[in-house]
Amino acid sequence: MIGEADGSIGVLERVASARTMPPPRRIQAHATGRTTVTMILPRKTALIVIDVQQGFNDPRWGARNNPDAEANIARLLAAFRAKGRPVIHVQHDSAAPDGAFRPGTPGHRPKPEAVPHEGEPVYRKSVNSAFIGTTLERDLRDAGIEGLVIVGLTTNHCVSTTTRMAGNFGFATSIVADATATFERMGMDGTMRPAAEVHASALSDLRDEFAAVVDTDAVIAAV
């Protein structure tokens with residue numbers, strides 16, 4: 001069950017929208033010509049932390065970008081918890097015997113920055129979306145959640161797929177660029193693409209069509 005500090009429960013119409021509803025923003029023009037954009041979160045917004053598990057410490061994944069992602073995730077968790085906003089954890093269960101996230105192995109455990117607190121729901125999946133094979137969407141609807149802030153690993157896999165589905169389900173979705181990360185990846189031409197390039201490309205594909213791309217400081221200011 002997903003709820004807020006006041007225990008209130010709401011109901012949203014179950015509509016799968018073909019386009020996302022980005023969180024509203026306050027745009028302010030200054031006399032100097034400078035423009036600032038302030039993020040505004042829906043009243044019922046949940047933080048979703050995806051696959052921040054020790055299996056991603058394995059060198060098999062190759063070079064990674066954004067070494068500060070876990071620290072930023074910890075900052076976001078602290079901010080949401082302090083304000084009594086919902087926090088949701090997602091963990092991957094590897095089915096393969098040599099999988100990095102096989103249940104019961106050290107790789108399946110959460111990283112220290114993302115250990116769930118008592119009462120915070122944990123959804124376990126075996127595919128690259130937190131919505132497939134889980135009750136996540138139904139539980140979000142039942143709790144009246146309108147907005148989702150998504151962080152975790154990896155940008156172009158489970159984070160991206162979950163973000164796309166969240167946008168298509170009609171949630172006001174944000175992905176936090178500096179609280180996500182990924183690894184280098186072989187391109188179709190046989191050239192190894194740096195992790196930073198893979199990360200930026202994934203965020204570019206998501207931006208505005210499926211979600212707002214924001215940073216940790218903007219979310220904390222809005223919480």
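Every read-out reported here was derived from the displayed coordinates using simple, explicitly stated rules and does not represent laboratory data. This one's a predicted model, so the numbers in the text were calculated from it and none came from an experiment. Positions of Cβ are backbone-derived with ideal geometry, glycine not excepted, and every protein chain shown enters the neighbour counts.
For Ala71, what is the net charge nearby, where nearby means another residue's Cβ is under 15 Å from its Cβ and Lys, Arg count +1, Asp, Glu -1?
Within the 15 Å Cβ shell, the charges total -3.
Counting Lys and Arg as +1 and Asp and Glu as -1 over every other residue whose Cβ lies under 13 Å from the Cβ of Arg102, the net charge comes to -1.
With each pseudo-label sitting 7 Å past Cα toward Cβ, what's the Ala95-Ala196 distance in nm, one decimal? Taking the two extended label points, one gets 3.8 nm. Multiplying each eigenvalue of the alpha-carbon gyration tensor of segment 25-222 by 5 and taking the square root yields semi-axes of 27, 22, 16 Å, largest first, rounded to whole angstroms.
For Lys83, a cut-off of 22 angstrom between C-alpha atoms picks up these lysines, skipping any fewer than 8 places away in its own chain: Lys44.
Over every Cα atom in segment 62-163, the radius of gyration and the widest Cα-Cα span, Dmax, amount to 14.0, 41 Å.
The modelled label-to-label distance between Thr105 and Asp208, using points 7 Å beyond Cα along the C-beta direction, is 4.2 nm. For Lys125, a cut-off of 22 angstrom between C-alpha atoms picks up these lysines, skipping any fewer than 8 places away in its own chain: Lys111. Computed extension gain for Gln54 through Arg124, at 0.36 nm per residue and net of the alpha carbon distance, reaches 23.7 nm.
Among the GluC sites (Glu not before Pro) found in segment 116-193, those both in a DSSP coil and sparsely packed, with 14 or fewer other Cβ atoms within 10 Å of their Cβ, are Glu118.
The length gained on full extension between Asp189 and Val115, counted as 0.36 nm times the residue separation minus their Cα-Cα distance, comes to 22.7 nm. With each label modelled as a point 7 angstrom along the Cα→C-beta vector, the Asp142-Asp217 pair spans 4.0 nm.
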